[in-house]
Amino acid sequence: ILSISKELEGGIRIAVQHSGGVTAEYGHLSGTKLEVDDWVQSGDSLGWMMEKDVSSASTLFFAVMKDKTYIDPTEVVSFD
């Protein structure tokens with residue numbers, strides 16, 4: 001885990017360092033049990049989200065960077 005921070009509009013953002021200069025960011029999380037420098041593997045839980053109310057679902061922020069430049073996540077992640 002590269003960083004864990006509070007977002008300006010609320011929520012938690014987690015940056016995960018991958019091999020090959022790739023970093024994934026996950027935001028709008030309600031909580032996490034992780035700490036900076038923790039190691040995670042594929043399938044591990046990074047955190048959780050809480051619905052704001054019954055009528056609206058929470059939205060996960062997800063972004064991928066390669067060499068400090070945001071890229072299209074489909075370039076490194078397969079979505080089925």
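The values are calculated or read from the model by the stated rules, or taken from the named source; none is laboratory data. In this text, all values refer to a predicted model and were calculated from it rather than measured experimentally. So basically every Cβ, Gly included, is an ideal-geometry build from the backbone, and we count neighbours across all protein chains shown. Accessible surface areas use protein heavy atoms only, side chains included; no ligands, DNA or RNA. Shrake-Rupley method; radii C 1.70, N 1.55, O 1.52, S 1.80 Å.
Considered as a group, the residues in region 60-80 that are at pLDDT below 90 and surrounded by fewer than 11 Cβ atoms within 10 Å (Cβ to Cβ) include one that is farthest from the chain's Cα centre (by Cα), and that residue is Asp80. Across region 1-19, the qualifying residues are those that are open to solvent by 50 Å² or more (accessible area, probe 1.4 Å) and assigned to a loop (DSSP other than H, G, I, E, B), and the one among them that is nearest to Pro73 (Cα to Cα) is His18. Taking region 1-56 as the range and being in contact with an Asp or Glu (Cβ under 9 Å, 6 or more places away or on another chain) and basic (Lys, Arg) as the test, only Arg13 passes.
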